[in-house]
1. On the full set of protein chains, 1.4 Å probe, figure out the accessible area of F71 and give it in Å² to the nearest 10.
2. Taking a ≥ b ≥ c as the square roots of the Cα gyration tensor eigenvalues, with a/c under 1.5 meaning rounded and otherwise prolate when a/b beats b/c, else oblate, which class fits the stretch 1-77?
3. Working with all protein chains in place, sort M11, M23, M1 by solvent-accessible area computed with a 1.4 Å probe, largest first.
4. Please list S82, S33 from largest to smallest accessible area, probe radius 1.4 Å, with all protein chains kept in place.
5. Net charge within 12 Å of L39 by Cβ-Cβ distance, Lys/Arg positive one each and Asp/Glu negative one each, not counting L39 itself?
Amino acid sequence: MTVVLVLAGTMLFVAAILLVVRMTLGPTILDRSVALDVLVAVTVCAIGLHAAHTGVTYALPVVLVLAGCGFVGAVSVARYASRSDDVESGGDDDRGGAA
């Protein structure tokens, strides 16, 4: 059991480090948003791993709140990015009128 716990914790730690690097180097806001969303998922997994190992249940509402915030944040950034692309491409249309 201890070997599985250490292996899972190590994989989650390596994933978190790689995600922080991706958030730092991501060329677009969508890359950073996806990395942040996956980092929230890794955090949820780490808290779940801790709760499964120790048997405590007080961390489960935290997992639920983090999962909800991660979902709402990802949807919000996606809606913002889709609207910002529409605004940028909206100025290039040919209407024939003055700017």
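1. 140 Å²
2. oblate
3. Accessible-area ranking of M11, M23, M1, largest first: M1, M11, M23.
4. Descending order: S82, S33.
5. Value of the local net charge: +1.
The values are calculated or read from the model by the stated rules, or taken from the named source; none is laboratory data. What you are looking at is a predicted structure, and each value in this text was computed from that prediction instead of being measured. Heads up, the Cβs are rebuilt from the backbone with ideal geometry, glycines too, and the neighbour counts pull from every protein chain shown. Ligands, DNA and RNA are excluded from the accessible area calculation, which covers all protein heavy atoms including side chains. Shrake-Rupley method; radii C 1.70, N 1.55, O 1.52, S 1.80 Å.
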